[in-house]
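The next block holds one structure in the form of structure tokens; read it before the comments.
Quick note: the coordinates plus some simple rules give every number you see, no bench work behind them. None of these values were measured; they are calculated from a predicted model. Reconstructed Cβ throughout: ideal geometry from the backbone, glycine too, with neighbour counts over all protein chains shown.
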Amino acid sequence: MQENNLLSKLESMMPFLSNAEQSLGHFILEHSDDILTMSTKELSQKSGVSEATLIRFTKKLGLNGYTEFKLTLSADLASNERQAIPVNVTEKDHSLEIYEKLAAFTITSIEATGKTLTSESMDAAVELIYHTYQSGHRIYLSGVGASSVLAQQLRIKLMRLDIPSIFFEDTHLQLESNINMKKDDLLICFTTLAKSVQNHQFIQLANERNAKVILITQFGNQKLADKATVTLYTSCVENNFRLTNQTSIIVQSIIIDTLFLALALKDLPKIVGDVEEAKEIFDQLGYYHH
């Protein structure tokens, strides 16, 4: 973590929490300034949870206890970085107003994700993709529903780097292909909330076959992250409206472009040559207008 970003992390975690933890989370988000002066007993009483639940909750946030929680929260509030903007679209909104609300939410999510990602996890993902390709092992991609668009996007990006990958939009074909995974192959899985059972099945298959896993998901998805070799966390608050799902796609698309450029820079002279050759072939075949 480059910055504390505690409240944004908490908002991202909400879908993965138990009912008691969600109650506590909502209370913290709504009374963040007041909590700085509260003891564990006071906060547990006012939020309606036990002190044990409160301590476990701070651990889920990656902190060592309540004292560190308050220190981190204080720094987060002092930084004035948090700009949690819900997408409250109403029937009275004009088209431009809807755009402005979605844009504000997307910008907030992009900035929060930049603080949730770590250079270690990003570098590890790049190296894992590069090493898998260089060592002759196979790269599998998975994504269910809207996330299939992201898997397809990465497949095209890797193709432009002459890195073959395997992806089928149909989930049955994804399963059939993933059954072929072997030791040290790589599965790259896209999911926001991991609601689809297929994501869990694909990663379980990878684990059973000793394949590596890169998981790209919303912060708080610890259940799947525990089974991944590398996890790239996004910070994007999904709500019941579900139209904000497009924001998570945008954020993950930026991660895809980052991986693509980082991989391209490893063999930049070759990539430049390949691009020039591709342009010449497209020109010869009449794809460009003069």
Subject >> Nonlocal amide H pairs with Lys212, under 5 Å, H built at 1.01 Å >> reply: Asp184, Asp185, Leu186, Leu187
Original post:
Relative contact order of the chain: what whole-number percent is it, with Cα pairs under 8 angstrom and at least 6 residues apart?
Top reply: 19 percent
Original post:
Which residue fluctuates the most in the chain, going by a Gaussian network model with Cα springs under 10 Å, if the choices are Lys41, Lys270, Lys279?
Top reply: Lys279
Subject >> Extension gain (nm, one decimal) between Arg209 and Leu175, 0.36 nm per residue minus Cα-Cα >> reply: 10.9 nm
Subject >> Calculated FRET efficiency for the pair Lys195/Glu68, C-beta based, R₀ 51 Å, to 0.05 >> reply: 0.95
Original post:
What are the DSSP H helices in the chain that stretch 27 Å or more along their long axis, judged by alpha-carbon atoms, and whose average Kyte-Doolittle hydropathy comes to at least 1.0?
Top reply: 245-264
Original post:
For the modelled label position 7 Å from the Cα of His131 along Cα-to-Cβ, which residues of the stretch 194-222 have backbone nitrogen atoms closer than 19 Å?
Top reply: 206-216
**OP:** Match the structure shown to one of the listed values (1) 0.99; (2) 1.13; (3) 1.24 of Cα Rg over 2.2 N^0.38 Å, computed from it, and give that label.
**Re:** (2)
Original post:
R0 = 41 Å: FRET efficiency of Asp283 with Ile250, Cβ-based, nearest 0.05?
Top reply: 0.80
Original post:
For the stretch 177-209 and the stretch 112-161, what is the separation of their Cα centres, given in Å?
Top reply: 13 Å
